[in-house]
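What follows is a short report on a single structure.
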Amino acid sequence: MNWAALIFWVLTAGGGFVMLAIWLKNGGMQQTEGGRIRPAIILTHFLLAATGLVLWIVYVVNDSSTIAWIAFALLLVVALIGFTMLGIWLSQRKKRDNAPAEQKFPVAIVAGHGLLAATTLVLVLLAAAGVGGS
């Protein structure tokens, strides 16, 4: 279960990196107007997810349940921020004029990232709880 969670987390991060690159390429760092994903939100999401992933790798190597639960708690916060960003993204889908950088995200990548993230969250919870062994 630990390894499955790690693999899904890495795959989720891959989708996140693609979206971050698209967002940066399309001027996301300059977005300050309401109704857009602001730099602080997306960068916090990225940094907490990356920190959690590093902690999960440490957990897989050391098998410390404390580290596993900290990684899970971080992942919960990351998921909440992700849902916030999804809400912003969805609210902008119908607007065609002056589209924010996040509207360049391919729908398939957004959906795939979300599905992988949900799977990762469940796998990390189960692994941290000791279900399914290593």
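So the values come out like this:
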| quantity | calculated |
| --- | --- |
| Rg/Rh ratio calculated on Cα atoms of the stretch 95-134 (Kirkwood radius) | 1.31 |
| If the convex hull is drawn through the Cα atoms of the stretch 1-68, its volume per residue in Å³ | 90 Å³ |
| Euclidean distance of C-alpha centroids, the stretch 85-134 and the stretch 37-77, integer Å | 16 Å |
| Relative packing of 48-58, 107-117, which averages over residues the other C-beta atoms within 10 Å, highest first | 48-58, 107-117 |
| Difference of contour (0.36 nm per residue) and Cα-Cα distance, Phe83 to Glu33 | 16.1 nm |
| The chain: projected area of the alpha-carbon convex hull, averaged over directions, in nm² | 7.5 nm² |
| Enclosed volume per residue, in Å³, of the convex hull spanned by Cα atoms of the stretch 41-118 | 86 Å³ |
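Bear in mind these aren't lab numbers, they're just calculated from the coordinates by the rules spelled out. Quick caveat, the model's predicted, so the values are computed rather than measured. Cβ: placed from backbone, ideal geometry, glycine included. Neighbour counts: every protein chain shown.
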